[in-house]
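Read through the structure below, which is laid out as structure tokens, and then see the notes.
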Amino acid sequence: MTRSFVFRNPSVLIFLALLALFTLGVTAVSEGFGVGLMSTSFVKTLGKTLCLALVAVAMDLVWGYCGILSLGHFAFFGLGGYMIGMWLMYERTRGIVETSLAEAPIPPTPQEVVDAIGNQIFGVVGSSDFPLVWSFADSLTIQLFLVVALPGLLALIFGWLAFRSRVTGVYLSILTQAMTLALSLYLFQNDSGLRGNNGLSGLQNLPGLNAVPQSTVSVWFLWASALALGLGYLLAAWVVSGKFGSVVRGIRDNEARVRFLGYSVESYKLVIFTLTAMIAGIAGALYYPQAGIINPAEIAPIASIYLAVWVAIGGRGRLYGAVIGAVFVSLISTWFTGGQAPDVNLGFYTVKWVDWWLIVLGLSFVLVTLFAPKGIGGLFDLIADRRRPDRHGDDLGPDQGSLREKEAVE
Amino acid sequence: MKGQLLEVSGVSVSFDGFRAINNLSFTIGPAEMRAIIGPNGAGKTTFMDIVTGKTRPDAGRVLWGEKSINLIGMNEARIAREGIGRKFQRPTVFEDQSIQDNLLMAVKNKRGPFPVLIYRPAAQDQARVEELAAQIGLADQLSRKSGELSHGQKQWLEIGMLLAQEPRLLLVDEPAAGMTLAEREHTTDILVEAARTRAVVVVEHDMDFVRRLNCKVTVLHEGAVLAEGSLDHVTANQQVIDVYLGR
Ligand SMILES: Nc1ncnc2c1ncn2[C@@H]1O[C@H](COP(=O)(O)OP(=O)(O)OP(=O)(O)O)[C@@H](O)[C@H]1O
Ligand SMILES: [Mg+2]
């Protein structure tokens, strides 16, 4: 079964091989494990990029295959980040607090330790009590479970309400965007319990592993991100390969027709929406420890819009297209906005990329949508000669004696 | 009513005050062919919309099967799973997918997301797909994208998908549109064959086609039944001539 699956989808194998090569290559030139040609911060950038590719694969499943233009998947990504961030911050702070209290003449009671951790974490928002949402922050197992479960549950509830009332198209997009906005505004508040606009920080330090240098940790995370991307890609490819994929693409192209075949369109949408939210959560949980910090601005609707732009530029409806889009656009965005790109002096005006990049990106999005709807991934059709002649049947039977168009329309 | 597969009684529906279906009653038996004719806008398609759950009527009942369950209020997917299949007036196939995929999606099997997710084509399903493809003259084109088919072939593919569902009632809206004479004759054969074991309702404007179906005919006009009987009987009816045939 597995063999025939890979056989039917050679692109999966190629992708996995390239991903493995890439990971080995980066490891070989990293500071932590290799010859040290690549800076640790760039290893982190690449690791983060793999996470973005994973959330783009999720976005492609939900948008490119199922036709739901969700502007909420970066919120699920952020939630995953917050869930792991809580444990990282709690445990690390506990380590620090315990070391400092150990010097005290009287050994601290467990409650004193907890109070001191609370003081450390919530001091910035003028509080020291642990909010309810931090109840499980000391348990890695539970927080890891929440990385998947919380985005999944939110998507399930939201999707159930939205799909059941048959909200589709642009209205659904607006609704998902509203959800994202509400979530980010809520998190901005100090009393949300997640440190308001300060967010969670210091996430790059792994509790109990203070002795391990970041150059090593960064490669670990690169591996973990590559593994997650590989598995997520495989899962997505498997999901869309068989009859399920047929039904889902059918929903994208003509959901009413799918209903008349007896498929409950709403359940399918719900499955896809929830599954992809969970994948997004995992991607976020791997991303933010590499970024080191998460705050509510990361969840703002614009992030989810970027996600859609990546997938559109890469080519939706094909998984490698999503990966290409995310990797290409996010890396080049970093380059342009990071100030590395040289300014262009036109004599009368100097183009500063930091200011102009967004405009270039927006323009390319419009151009791709208009002139190359298949995106960058469409180039592979040319190379692989998979491009079929753009044949489609005559609108009405070509032969003499058939009814004419006007007779067949309602 | 005993022994009927579908019983529509006293159904009415208005769109913005316009009565598209007006106190319509209609029954069909378990293995019966029925043709519905009538002028444009008579409500033929709307009738199918009501039976398949797409349009909810303002009044009336639609009873189905031995247990006479009421179909009104059920969603489209549920009604389809009850055994009512529908072919649309304009052929609607999944153009982006192969003929194989189109047919396989329609073949009767579990429809829930999880069974479908782990579904792998069984040998008998593949055999069924090939058998249907042969029946609709597309046997050697299974891997072709259905968007490339001609209009008549799309009509057939849709009929094939309909048969694949193994419904107990087939609602077929203008199956012969866009077909050559030979294709139309073949379509008649497929439908007549299907009607041996199940109920088939065919909406068609082409009188020669209806004649070849050789079945009871119902004439709709302004959302109600105007006449019913053999084709010769209804075509002799003066009212029918006035509103439909005499155009
Ligand atoms: N959803 C709708 N909203 C408004 N009016 C509608 C709707 N559906 C149908 N109608 C109207 O109801 C009437 C009956 O339409 P219907 O499509 O059932 O006719 P028909 O008998 O199938 O005609 P034709 O032979 O042209 O296919 C028409 O006047 C149509 O404009
Ligand atoms: Mg009609």
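The values are calculated or read from the model by the stated rules, or taken from the named source; none is laboratory data. As the structure is a prediction and not an experimental result, all values here were calculated from the model. FYI the Cβ positions are ideal-geometry reconstructions off the backbone, even for glycines, and counts take in every protein chain you see.
Name the residue, out of B:Gly160, B:Gly137, B:Gly147, B:Gly152, that is surrounded by fewer than 23 Cβ atoms within 10 Å (Cβ to Cβ) and closer than 27 Å to B:Asp49 by Cβ. Outline the logic, then answer.
On the way: B:Gly160 fails: surrounded by fewer than 23 Cβ atoms within 10 Å (Cβ to Cβ); B:Gly137 fails: closer than 27 Å to B:Asp49 by Cβ; B:Gly152 fails: surrounded by fewer than 23 Cβ atoms within 10 Å (Cβ to Cβ).
Result of the check over B:Gly160, B:Gly137, B:Gly147, B:Gly152: B:Gly147.
Could you check how many residues of segment A:270-301 are crowded, with 23+ Cβ neighbours inside 10 Å, closer than 21 Å to B:Phe114 by Cβ and more than 11 Å from the chain's Cα centre (by Cα)?
2
Kindly indicate whether B:Val200 is out of contact with any Ser or Thr (no Cβ under 6 Å at 6 or more places or on another chain), within 17 Å of B:Lys44 (Cα to Cα) and within 16 Å of ligand 2 (Cβ to nearest atom). Before you say what the answer is, go through the steps one by one.
On the way: out of contact with any Ser or Thr (no Cβ under 6 Å at 6 or more places or on another chain): yes; within 17 Å of B:Lys44 (Cα to Cα): yes; within 16 Å of ligand 2 (Cβ to nearest atom): no.
So B:Val200 does not fit the description; no.
Results for (1) more than 8 Å from chain A (Cβ to nearest Cβ); (2) out of contact with any Ser or Thr (no Cβ under 9 Å at 6 or more places or on another chain); (3) within 16 Å of ligand 2 (Cβ to nearest atom), shown as yes or no for each residue.
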site: B:Val51; (1), (2), (3): yes, yes, yes
site: B:Asp58; (1), (2), (3): yes, no, no
site: B:Glu76; (1), (2), (3): no, no, no
site: B:Thr92; (1), (2), (3): no, yes, yes
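Could you check, for segment B:158-166, whether at least one of its residues is away from ligand 1 (no atom under 16 Å from the Cβ) and in contact with a Gly (Cβ under 7 Å, 6 or more places away or on another chain)?
Yes, the conditions are met somewhere in segment B:158-166.
Looking only at segment B:213-232, decide whether some residue is at pLDDT below 90 and within 16 Å of ligand 2 (Cβ to nearest atom). Steps first, please.
Residues of segment B:213-232 that are at pLDDT below 90, as a first pass: none.
Scanning segment B:213-232 turns up no residue that is at pLDDT below 90 and within 16 Å of ligand 2 (Cβ to nearest atom).
Would you point out the residue of segment B:39-88, among those that are in a loop (DSSP other than H, G, I, E, B), touching a residue at least 40 places away in the same chain (Cβ under 8 Å) and of a type in the set (A, V, I, L, M, F, W, C), that is nearest to ligand 1 (Cβ to nearest atom)?
Checked segment B:39-88; the qualifying residue nearest to ligand 1 (Cβ to nearest atom) is B:Ala42.
Suppose we filter segment A:105-134 for residues that are assigned to a loop (DSSP other than H, G, I, E, B) and touching a helix residue (DSSP H, G or I) at 6+ places or on another chain (Cβ under 9 Å); how many remain? Break it down stepwise before answering.
Of the residues in segment A:105-134, the ones assigned to a loop (DSSP other than H, G, I, E, B) are A:105-109, A:126-131.
Then drop every residue that is not touching a helix residue (DSSP H, G or I) at 6+ places or on another chain (Cβ under 9 Å), which leaves A:107-108, A:126-131.
Qualifying residue count, segment A:105-134: 8.
Pairs needed: first member in segment B:10-24, without any contact (Cβ under 8 Å) to a residue 60 or more places away in the chain; second member anywhere, small (Gly, Ala, Ser) and away from ligand 2 (no atom under 16 Å from the Cβ); C-beta distance under 7 Å; at least 6 residues apart or different chains.
B:Gly10/B:Ser25; B:Gly10/B:Ala59; B:Gly10/B:Gly60; B:Val11/B:Ala59; B:Val11/B:Gly60
Identify, by number, the condition in (1) within 16 Å of ligand 1 (Cβ to nearest atom); (2) more than 13 Å from chain A (Cβ to nearest Cβ); (3) farther than 27 Å from B:Arg78 by Cα; (4) at pLDDT 90 or above that B:Val201 doesn't meet.
(3)
Restrict the check to segment B:114-133 and report whether at least one residue is under 16 Å from B:Ala164 (Cα atoms), part of a loop (DSSP other than H, G, I, E, B) and either within 16 Å of ligand 2 (Cβ to nearest atom) or without any contact (Cβ under 8 Å) to a residue 60 or more places away in the chain (or both).
yes
What residue, of A:Trp238, A:Trp335, is part of a helix (DSSP H, G or I), of a type in the set (Phe, Trp, Tyr), within 14 Å of chain B (Cβ to nearest Cβ) and over 22 Å from A:Arg164 (Cβ atoms)? Working first, answer last.
On the way: A:Trp335 fails: within 14 Å of chain B (Cβ to nearest Cβ).
Going through A:Trp238, A:Trp335 in turn, just one is part of a helix (DSSP H, G or I), of a type in the set (Phe, Trp, Tyr), within 14 Å of chain B (Cβ to nearest Cβ) and over 22 Å from A:Arg164 (Cβ atoms): A:Trp238.
Listed here are the residues, each with its yes/no results for (1) assigned to a helix (DSSP H, G or I); (2) over 18 Å from the mean Cα position of the chain (by Cα); (3) within 17 Å of A:Cys51 (Cβ to Cβ); (4) not hydrophobic (A, V, I, L, M, F, W, C).
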| residue | (1), (2), (3), (4) |
| --- | --- |
| A:Thr176 | yes, no, no, yes |
| A:Leu187 | yes, yes, no, no |
| A:Gln204 | no, yes, yes, yes |
| A:Pro207 | no, yes, no, yes |
| A:Thr216 | yes, yes, no, yes |
| A:Phe221 | yes, no, yes, no |
| A:Gly232 | yes, no, yes, yes |
| A:Val248 | yes, yes, no, no |
